[in-house]
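Read through the structure below, which is laid out as structure tokens, and then see the notes.
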Amino acid sequence: MRKDYFRDYYTFVTKRDERRIEEILPPSNGDYETCPFCPGNERLTPGEISRVAKGSHWQVRVFPNPNPITAEEEDAPKIPWKYEKTESYEEIIVDTPNHFQRTHQLEISELKILLNVIKERVAEVEKRDNVEYISVFQNCGFWSGAIDRHSHFQLVAFAKTPPKIKEKIHQSSHGDCIYCHIVGKEENSPRKVLENNSFLAFCPWAPQQTHEIWIASKKHLRNLNDFSDRDTLALAEIFKGALQAVSRISDDYSVIFNIGPKGDNFHFHIEIFPYYNERYYGNFEIKEGYYWVTHTPEQSAKIYRGEA
Ligand SMILES: [Zn+2]
Ligand SMILES: [Zn+2]
């Protein structure tokens with residue numbers, strides 16, 4: 001990976017875009033016949049790591065990512081700037097055997113199974129050498145940048161925690177946790193969307209994407225391993241509710257699980273946003289850290305609550 005001239009930012013150069021071009025072509029009706037994520041095509045993926053069986057096939061299936069986003073750059077010029085060997089590990093978690101099903105269409109019991117698989121995989125991958133931080137995320141649908149149409153989550157384990165995450169962790173694990181404070185305040189705000197005994201779903205005060213929504217635990221849970229069975233069920237319920245709300249805006253969305261790095265005390269939360277108006281970030285937002293949205297988070301919450 002290429003390191004920024006002087007900051008702690010890294011760039012991976014991958015060949016994934018070549019596949020994206022294929023995806024831009026009109027979908028063939030039978031693409032599930034060659035989809036490596038569909039039951040019956042298991043031979044098309046690298047060796048299976050785990051599965052949750054259902055009937056004659058499976059509900060959730062995990063295998064190493066055949067097209068890692070953090071792949072080593074071939075023949076990278078190593079001077080004069082810094083090139084570091086990529087220390088990462090990636091898995092694909094296919095959350096449904098159905099080629100056309102999206103995550104928001106899963107039953108709560110199926111989402112609970114998925115969450116338990118993510119929990120197990122994070123616990124397992126954390127034990128590997130050179131793993132400090134694990135990112136679990138989903139890009140769902142074409143406008144999210146997803147290369148494969150079949151719904152899936154990605155797990156990427158890094159040897160270093162990214163700087164943007166470090167900043168969040170610092171605020172979460174030193175002194176009073178900022179996320180506990182945020183949840184306490186947003187619980188009674190016009191930005192609240194949904195809640196149950198363990199979790200709150202709300203639109204953040206200063207969103208970085210239009211209609212962004214967060215799910216945070218009401219008590220300070222570090223990561224899925226801290227969750228009781230009841231917490232996991234409560235998360236499955238609110239995750240379903242939040243995704244259904246998001247799907248009213250768009251079927252294409254991104255989900256990021258904010259899970260604490262090994263040994264840290266990061267407050268677990270999920271960030272979700274729909275691809276609204278098919279809009280991507282421009283340079284202004286990426287480079288300068290100023291964002292703009294077309295709806296206030298209070299309006300977004302109203303739409304999500306079905307009041308607008
Ligand atoms: Zn498929
Ligand atoms: Zn907290």
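The numbers here are math on the coordinates, done by the rules we state, and not lab data. What you are looking at is a predicted structure, and each value in this text was computed from that prediction instead of being measured. Backbone-built Cβ (ideal geometry, glycine too); neighbour counts: all protein chains shown.
Among the residues of region 134-177, those identified as within 16 Å of ligand 2 (Cβ to nearest atom) and in contact (Cβ under 8 Å) with a residue 40 or more places away in the chain are I165, K168, I169, S172, S173, C177. The strands (runs of 3 or more DSSP E) falling completely within region 31-150 that include 3 or more residues that are farther than 26 Å from I165 by Cβ map to 50-54, 57-64.
Does region 192-208 contain any residue that is within 16 Å of ligand 2 (Cβ to nearest atom), exposed (fewer than 15 other Cβ atoms within 10 Å of the Cβ) and more than 21 Å from the chain's Cα centre (by Cα)? No - not one qualifying residue is present in region 192-208.
Could you grab me the full set of residues in region 217-239 that are outside any loop (DSSP other than H, G, I, E, B) and in contact with an Asp or Glu (Cβ under 8 Å, 6 or more places away or on another chain)? Correct list: S217, I238.
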